[in-house]
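This report concerns only the one structure given below.
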Amino acid sequence: MACVLEAPLRMSVLSEVTASSRHYVDRLFDLDPQKVLQGVMCSSKPLIFYIPFYSSDFLKCALTAFCKVSIHVRDMKNAVIGNNKQKANLIVLGAVPRLLYLLQQETSSTELRTECAVVLGSLAMGTENNVKSLLDCHIIPALLQGLLSPDLKFIEACLRCLRTIFISPVTPEDLLYTDATVISHLMALLSRSRYTQEYICQIFSHCCKGPDHQTILFNHGAVQNIAHLLVSTSYKVRMQALKCFSVLAFENPQVSMTLVNVSVDGELLPQIFVKMLQRDKPIEMQLTSAKCLTSMCRAGAIRTDDSCIVLKTLPCLVRMCSKERLLEERVEGAETLAYLIETDVELQRIASITDHLIVMLADYFKYPSSVSAITDIKRLDHDLKHAHELRQAAFKLYASLGANDEDIRKKIIETENMMDRIVNGLSESSIKVRLAAVRCLHSLSRSVQQLRTSFQDHAVWKPLMKVLQNAPNEILIVASSTLCNLLLEFSPSKEPILESGAIELLCSLTQSENLALRVNGIWALMNMAFQAEQKIKSDILRGLSTEQLFQLLSDSDVNVLMKTLGLLRNLLSTRPHIDHIMSTHGKQIMQAVTLILEGEHNIEVKEQTLCILANIADGTTAKELIMTNDDILQKIKYYMSHSNAKLQLAAMFCISNLIWNEEEGSQERQDKLRDMGIVDILHKLSQSSDPNLCDKAKTALQQYLA
């Protein structure tokens with residue numbers, strides 16, 4: 001086995017190595033190298049351990065020596081407890097490879113192997129650099145191998161060390177899943193003792209990061225093997241089992257649907273979770289139980305109007321937001337509550353009137369607290385660590401609360417300095433806070449009243465445009481969605497946004513590889529074009545370019561296609577604008593319309609395309625592009641007789657605009673369409689059972705009779 005120590009680390013720490021540190025490591029090598037290891041080399045080169053074939057007499061000698069080493073390891077264990085400097089020194093001096101060597105030797109006594117695992121676990125409790133050094137020495141495979149031992153104490157020591165390593169942020173979770181047999185073996189070890197139960201559940205909860213990990217654990221029977229641990233006599237076991245379920249069920253319908261039907265000692269798991277929500281239970285247990293029930297509710301396993309959600313889970317999470325709770329508890333409570341109510345209007349209303357939640361959340365922005373005395377330095381440090389998290393959680397919860405109800409949005413905005421806080425949040429250094437602030441702004445921007453008042457008073461469009469200039473995609477997606485709302489025709493922000501160069505920015509978004517950004521870019525342009533001046537419409541077409549417009553119309557995503565058609569429909573409104581645009585882009589637009597009507601598209605796409613033709617037909621000169629295109633006329637005729645009433649009606653609008661007899665050239669157009677058989681179709685449609693089709697056909701026929 002080889003372990004390479006990086007030179008910079010060796011040099012930086014060696015200057016502080018104490019004599020006692022050397023002494024502990026030297027005693028690990030107390031055995032006569034000629035008689036025991038025959039080939040252990042320790043120099044400036046990497047430490048390499050070579051194990052030759054041993055005679056039986058030699059092994060007896062070695063076993064006696066290992067007993068002495070066991071005493072040395074105990075001394076080392078006592079020396080490193082709570083001493084990070086000593087831990088770092090021992091790692092640099094080569095203790096880790098030697099400890100791993102002794103741990104893996106079958107000739108080592110079980111007591112020695114157990115002590116080695118304990119010392120390694122203590123080293124892992126130091127700094128992140130310590131954990132990195134242990135990982136570099138391939139400690140995880142060695143410890144996993146140790147789990148095959150029949151000795152329970154040794155297994156527990158290995159699991160304790162594994163737990164410490166896996167909860168470190170520098171340890172890749174996937175290391176647990178590289179060998180398919182590991183999870184099965186861990187499941188089997190759950191029954192060995194309360195310590196194996198505690199450590200294994202903790203390992204699972206920290207290493208379950210996403211649907212792939214959830215599926216692996218679920219398929220290995222995690223639900224069935226862990227469920228009974230919720231009623232363990234050990235609080236630590238119950239708590240770790242609960243945490244395990246909270247990560248297994250998160251955004252996972254399969255796990256959630258399974259959990260809702262599992263019973264332990266005749267009691268269903270949701271009932272057990274509700275008992276753990278009670279006020280007399282530890283806060284950690286209340287919060288984690290609420291997270292389990294929240295995930296099950298969001299997955300559809302529990303109804304949103306179920307009493308366990310409305311009367312238990314939601315009130316519990318609101319309690320967690322109060323001033324009496326620790327800052328980290330308030331953060332977790334607010335974020336979980338935001339997730340619970342995010343998509344349900346009634347839960348949003350209930351939460352908004354529970355314990356003055358909206359006002360309570362305003363306190364989240366008051367950290368760090370003002371400090372006047374030196375004795376409060378520790379409190380200031382604590383507040384600073386959690387200040388960003390508190391603001392992020394508050395913004396998230398406000399966003400969920402105001403997602404649908406106008407009255408709730410009004411209450412949020414009327415909360416002290418709320419708009420100023422959002423504006424400040426948009427420029428925070430923390431990406432997570434900026435994202436949460438944008439989400440909150442997006443939620444509130446759904447209010448017509450607030451767009452006209454508070455949003456204008458605080459000129460929120462300015463910091464929003466700044467956010468859009470240079471931000472990660474996750475922020476850009478929400479910020480561009482918000483911009484879509486600010487560009488609606490009744491929004492006072494629309495004009496200054498246009499003047500700030502938004503067209504160029506939005507046109508660039510339509511070229512993004514990210515689907516959501518393409519949709520938002522074209523959606524914002526569609527809103528911008530609604531009832532806009534001709535100059536703005538021309539600027540949009542110029543900014544997009546014909547090539548990009550065709551690219552969007554051929555996009556594989558139906559949302560992009562629909563929004564692009566919506567943009568074209570808004571561009572082609574009012575006769576002067578229609579005629580102007582068709583005079584410059586008519587050929588390309590007609591070509592695009594033809595391709596869509598001939599393609600395999602859904603009813604909504606073709607209806608929107610026919611509506612564009614109806615707008616073109618309303619132009620003074622533009623309608624000639626239709627009348628001189630026999631292919632397009634035949635397509636309109638075809639859709640007049642289509643089985644879908646929406647397409648028939650859209651085609652009828654085209655015909656009505658073409659034959660309107662108050663316009664110049666109407667007689668010639670009527671004659672041509674009569675020769676095509678359009679009048680016969682109109683007579684049939686005038687007898688339709690659909691009142692809209694019937695009325696529209698009769699109105700069109702009157703143009704021939706006038």
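Things worth noting here:
- Electrostatic dipole magnitude of region 121-203 [Cβ: Lys, Arg +1; Asp, Glu -1; Cα centre; debye, to 20]: 280
- The chain: angle of helix 110-124 to the longest principal axis, Cα-based, in degrees nearest 10: 50
- Rounded to 10°, Cα long-axis angle of helix 235-249 versus longest principal axis of the chain: 30
- GluC sites (Glu not before Pro) restricted to DSSP loop in region 578-658 with at most 12 other C-beta within 10 Å: 600
- For the pair region 318-352 and region 191-269, the centres of their Cα atoms are 24 angstrom apart.
- Peptides 425-437, 690-702 ranked from most to least packed, by the mean per-residue count of other Cβ atoms within 10 Å: 425-437, 690-702.
- Peptides ranked, highest mean first, by Cβ atoms within 10 Å: ranges 257-266, 508-517: 508-517, 257-266
- Here residue 177 sits with roughly 30 square angstrom of accessible surface, probe radius 1.4 Å.
- Bridgeable lysines around residue 466 (alpha carbons under 26 Å apart, same-chain partners fewer than 8 residues away excluded): 366, 396, 410, 432, 494, 535, 537, 563.
- Partner lysines whose Cα lies under 28 Å from the Cα of residue 684, excluding those fewer than 8 positions away in the same chain, are identified as 606, 623, 635, 637, 646, 672, 696, 698.
- For region 452-522, the set of chymotrypsin sites (Phe, Trp or Tyr not before Pro) satisfying both a DSSP loop assignment and a count of at most 16 other C-beta atoms within 10 Å is given as 490.
- Figure legend: label point modelled 7 angstrom from the Cα of residue 692 along Cα→Cβ; residues of region 593-625 with amide N under 17 Å from it are 603-615.
- Computed label-point distance, nm, for sites residue 428 and residue 498 using a 7 Å Cα→Cβ extension: 3.5
The values are calculated or read from the model by the stated rules, or taken from the named source; none is laboratory data. Since we're looking at a predicted model, the values are computed, not measured. Heads up, the Cβs are rebuilt from the backbone with ideal geometry, glycines too, and the neighbour counts pull from every protein chain shown. All accessible areas refer to the heavy atoms of the entire protein, side chains included, with ligands and DNA or RNA removed. Shrake-Rupley method; radii C 1.70, N 1.55, O 1.52, S 1.80 Å.
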